[in-house]
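Report on the structure given below.
The values are calculated or read from the model by the stated rules, or taken from the named source; none is laboratory data. Every value quoted in this text rests on a predicted model; they were computed, and no experiment measured them. All Cβ positions, glycine included, derive from the backbone under ideal geometry; neighbour counts span all protein chains shown. For the accessible areas, the whole protein counts, side chains as well, though only heavy atoms, and no ligand, DNA or RNA atoms are used. Shrake-Rupley method; radii C 1.70, N 1.55, O 1.52, S 1.80 Å.
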Amino acid sequence: SRYSGVAGAESQRMECELTSPTVREQLMSGTLAYLSSGTASDTSVRALAAASGRSTMCVYSKFGSRSALLTAVFDDAAEQCLAALEPSGDQESMMDRYSQWAADHPGLYQMLFEHDLASLGVETSHRTTLIEQVLAQFSLHTKCGSPADAQRLWSTTHGAIVLARHTENLTTRQ
């Protein structure tokens, strides 16, 4: 064919254009899985694209930048985290679901609540909004008598999650 010799950046651009509906999803799911593992230390465009089975050109073509991809991933992870807090059962079961989500997605939990967002290019307002929503869920769907009680309960749960992860890391190294 006349176009069979197209190579390099042009073929990557064509690949991105031809599969647009799934490329964005692949980049999102690949990056989510990569970060969720808790072992991701490299968040360069190259590493995120490789984890997604895509080219770096696809990241730029679908998101415009690394920070836009990571912001979209942050927002998706925040939605998943909040889904674990959906009202169902009692206070203890909600805390268990939240803790289980954190255990199943250590890298995402770390990104949501511990990672330096500026280094990822994600505005801190995303974390502030998430924290407000988590506290609202704890206030609405628990036996908390006040917002301060909800904050203490969430802080205790969050602290237990972080300590469990670090304790696991310590026992793994010994």
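List of remarks:
- Residue in the stretch 29-36 that is open to solvent by 40 Å² or more (accessible area, probe 1.4 Å), in a helix (DSSP H, G or I) and aliphatic (A, V, I, L, M) present: yes
- Matching residues in the stretch 104-122 - criterion: being open to solvent by 50 Å² or more (accessible area, probe 1.4 Å) and within 21 Å of Leu135 (Cβ to Cβ): Gln110, Glu114, His115
- Among the residues of the stretch 42-63, not a single one is of a type outside the set (S, T, N, Q), under 14 Å from Val23 (Cβ atoms), surrounded by fewer than 17 Cβ atoms within 10 Å (Cβ to Cβ) and free of Cβ contacts under 8 Å to residues at least 12 places away in the same chain.
- Filter pass, Gln133 being open to solvent by 60 Å² or more (accessible area, probe 1.4 Å), out of contact with any Phe, Trp or Tyr (no Cβ under 7 Å at 6 or more places or on another chain), at pLDDT 90 or above and under 15 Å from Tyr98 (Cβ atoms): yes
- Condition check for Gln80: open to solvent by less than 50 Å² (accessible area, probe 1.4 Å), touching a His at 6+ places or on another chain (Cβ under 9 Å) and of a type in the set (S, T, N, Q): no
- Just one residue in the set Ser4, Ser65 is more than 27 Å from Trp154 (Cβ to Cβ) and at pLDDT below 90; that residue is Ser4.
- Single residue of Arg152, Arg97 found to be of a type outside the set (Phe, Trp, Tyr), open to solvent by 50 Å² or more (accessible area, probe 1.4 Å), free of Cβ contacts under 8 Å to residues at least 60 places away in the same chain and under 23 Å from Ser37 (Cβ atoms): Arg97
- Options Ser88, Ser67: the member that is more than 11 Å from the chain's Cα centre (by Cα) and assigned to a loop (DSSP other than H, G, I, E, B): Ser88
- Boolean, Ser11 is surrounded by fewer than 11 Cβ atoms within 10 Å (Cβ to Cβ) and either part of a loop (DSSP other than H, G, I, E, B) or modelled with pLDDT under 75 (or both): no
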